[in-house]
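A quick write-up on the structure given underneath.
What follows is calculated from the coordinates using simple rules that are stated; it is not laboratory data. Note that the structure is predicted; figures quoted are calculated from it, not measured. Don't worry about glycine lacking a Cβ; one is built from the backbone with ideal geometry, like all the others, and counts go over all protein chains shown.
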Amino acid sequence: MRKLNNRRDFLRISAAGALGLTVLGPLACSKPQAIDRKSFGVGLQLYTIRDAMDADVLGSLKKVSDLGYKNLELASYSDGKFYGYSPKELKKIVSELDMEIISSHTQVEAAGITVDNAKKMADDHAELGVKYCVQPWVNEEDRNIETYKKMVGDWNEVGKIMDGVGIQFGYHNHNFEFETIDGIVPYYDIFMAEMDPEYITMEIDLFWANKAGVDPVELFKKYPGRFELFHMKDMHTHEAPFFDVNKDDVASVGVGVIDFRAILAAKDIAGMKYLFVEDDNQGGGKPFEELEISISNLTGNILS
């Protein structure tokens, strides 16, 4: 563990130094050139700061904006409200902070959803003005072939309802979808095979895909155009077992072992339109510090 901390500290210092050279230029005596971080369109999945959002929605969103994040993906929808606000209220708050709500995570349970419930969810998200509504998770007890098939069928129907109000439905992966069950790999044999690409796009989580031993670039080549959303988070190690759920291995973007430049070089093949930084582990208790590192590395190196 000590060795890992040293490496992490070294990479942070190196990233900060590299950013300083970029900003100051080779002479280091000319006037610094500020980077307009928002011009890069970096997004944030607000699950990353869920505890902060529970404590102070307005203050937390202000911090996110001040760091330079432009786009948001929400992680709180209940009874027609988002983080306790009506769609119009939250949209106004975010707009005044010079940000935009692009996407929202919301759960369609394995038991299914009625047409009325799906329409209500679609209408609420349409009022908010999002472009995407994403299924983020499958409960552990539902991770079997029969339930996967039923859920994909339900999601196709939800996708059609969402499409009727101008919203693209999506699915966000973890690593468990790539684990073989009775000779079947659900991600390939059920999800990609049976999801209607007209109504469901994939939000690829690059951390969890890598954890499953998947090469995202090869995945894009196999299913071109089906990955409109990227989740950006790094990892410290790339070792088996690949299907352990270990959020402690999440790292700020640019600090770990994922080659984001190589992945983003294939973004046109993937069909990527938006990317969102995410940290399931909330930065180990320091989410805003970790978010500063991620956006600094993205705008100062990876996306430039």
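A few points about this structure:
- Separation of the range 71-99 from the range 168-225 is 28 Å, based on Cα centroids.
- Dipole axis of the chain (+1 Lys, Arg; -1 Asp, Glu on Cβ), positive-most option in V115, S65, W137: S65
- Charge context of P241, other residues only, Cβ under 14 angstrom, K/R +1, D/E -1: -3
- Taking every DSSP beta bridge that has both ends in the range 37-302, the antiparallel portion is near 15%.
- Annotation note: GluC sites (Glu not before Pro) in the range 207-304 located in DSSP loop regions with a Cβ neighbour count of at most 15 within 10 Å are E239.
- Listed residue (L206, Y148, A240) projecting farthest to the positive dipole end of the range 142-244, Cβ model: L206
- Evaluated with a Cβ-only charge set (Lys, Arg +1; Asp, Glu -1), the chain carries a dipole of roughly 1280 debye about its Cα centre, given to the nearest 20.
- Cut-off 11 Å between beta-carbons: net charge of the residues surrounding I181, Lys and Arg +1, Asp and Glu -1: -4
- Just so you know, the Rg over Rh for the range 125-261 is 0.97, from Cα atoms, with Rh as the Kirkwood radius.
- Taking the DSSP beta bridges with both ends in the range 176-304, the antiparallel portion is around 30 percent.
- Here S294, S39 are placed in order of increasing Cβ neighbour count within 10 Å, fewest first, which gives S39, S294.
- Angle between the chain longest axis and helix 145-163 axis [Cα atoms, degrees, rounded to 10]: 80 degrees
- When the C-alpha to C-alpha distance is required to be over 28 Å, the pairs from K38/K120; K149/K286; K131/K221; K221/K286; K91/K273 that qualify are K38/K120; K149/K286; K221/K286.
- 0 to 90° range, to nearest 10: angle between helix 57-67 axis and the chain longest Cα axis: 50 degrees
- Cut-off 11 Å between beta-carbons: net charge of the residues surrounding K70, Lys and Arg +1, Asp and Glu -1: -1
- As a length-normalised measure over Cα pairs under 8 Å and 6 or more apart, the relative contact order of the range 37-302 settles at 19 percent.
- Under the convention that each Lys and Arg Cβ holds +1 and each Asp and Glu Cβ holds -1, the size of the dipole of the range 127-275 around its Cα centre is about 560 debye.
- Computed Rg/Rh of the chain, alpha carbon atoms with Kirkwood Rh: 0.97
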